[in-house]
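The values are calculated or read from the model by the stated rules, or taken from the named source; none is laboratory data. Quick caveat, the model's predicted, so the values are computed rather than measured. When we count neighbours, we look across all protein chains shown, and the Cβ atoms used for this are built from the backbone with ideal geometry, even at glycine. All accessible areas refer to the heavy atoms of the entire protein, side chains included, with ligands and DNA or RNA removed. Shrake-Rupley method; radii C 1.70, N 1.55, O 1.52, S 1.80 Å.
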Amino acid sequence: MTEAVPKSTEAVASRNATETRGRILEAARACFSRRSYENVGVREIGRAAGVDAALVNRYFGNKEMLFAEVVQGAFRVEEHLPESLDTLGEFLVKGVMAEGRADDEGSTDDGFNALRLLILAAASPETAATVSAQFHAEFVAPLAKKLRGRNAELRAALIGSYVIGLATMRHLLDSPTLADASQRKLAALAGEAIQACVQARA
């Protein structure tokens, strides 16, 4: 007869599995924020997480499934919106400019940069559809529900295009003009363009 595993041992094993899975996901978030999907390997993610590459596949199936989990919730805008959409343009511009560059320590504690991941993934045939659908579901559609007037979804998509364009100039092209401009001036000028989409009634 097989001896039953003590519940305390099961609890420890479960906790360790959860922690390991979390480390892998955190490492993947950082890796996919730095380089395109094709240039990130399972072994690299495993090394960054401090585990064998086999565990990455064990917990997530494969790299494609891991990436799909990485982008879950990455672009969720609702929980970050200001109370009033009257300041949305300035709010979004400041958020984009505050994001860390790829060679910085990162915009979050785990090195994750959602906008950079979006830009890199959108250029990859293997991840473009996934990241496009996720951005629409988590950014465009929720924002459209909060906009008043006609063509709300179109205006929300235009706002998204401003954010992505600014992020591209900031994170990938390293625009010296943007780097030299004051945060206040950038927020005012680019924010005004976004705000025009917020207030549109056409």
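Structure data summary
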item: Kirkwood-based Rg to Rh ratio, the stretch 161-202, C-alpha trace; result: 1.04
item: For the chain, accessible area per residue (1.4 Å probe, heavy atoms of protein chains only), Å²; result: 57 Å²
item: Karplus-derived 3J(HN,Hα), 6.51/-1.76/1.60, for each residue of the stretch 151-164, Hz, glycine and proline x; result: 6, 4, 5, 4, 5, 5, 5, 5, 4, x, 5, 5, 4, 5
item: Rounded, prolate or oblate (a/c below 1.5 giving rounded, otherwise prolate when a/b exceeds b/c) for the stretch 50-103 by Cα gyration tensor; result: prolate
item: Estimated dipole of the chain in Debye, rounded to 20 [Cβ of Lys and Arg +1, of Asp and Glu -1, Cα centre]; result: 440 debye
item: Label-to-label distance, nm, for residues given as Ala181 and Ala54 (7 Å Cα→Cβ offset); result: 5.3 nm
item: Rg [Å, one decimal], Dmax [Å, integer] - the chain, C-alpha atoms; result: 20.0, 75
item: Pairwise label distance in nanometres, Glu64 with Glu192, each label 7 Å out on the Cα-Cβ vector; result: 4.8 nm
item: The chain: most fluctuating residue of Glu126, Glu64, Glu79 per GNM, C-alpha cutoff 10 Å; result: Glu79
item: Translational diffusion of the stretch 113-202, µm² s⁻¹ [Kirkwood Rh, Cα pairs; Stokes-Einstein; 20 °C; 1.002 mPa s]; result: 151 µm²/s
item: GNM flexibility winner over the chain from Arg116, Arg184, Arg170 (Cα, springs under 10 Å); result: Arg184
item: Relative contact order of the chain, defined on C-alpha pairs under 8 angstrom at six or more residues apart (%); result: 24 percent
item: Values of log10 I(q)/I(0), in the order q = 0.23 Å⁻¹, for the stretch 33-79 under a Debye, Cα-only, solvent-free model; result: -0.85
item: Rounded percent of accessible protein surface that carbon and sulfur make up, the chain, 1.4 Å probe; result: 52 percent
item: Residue-span extension gain [Leu172 to Thr18] - 0.36 nm each, minus C-alpha spacing; result: 52.0 nm
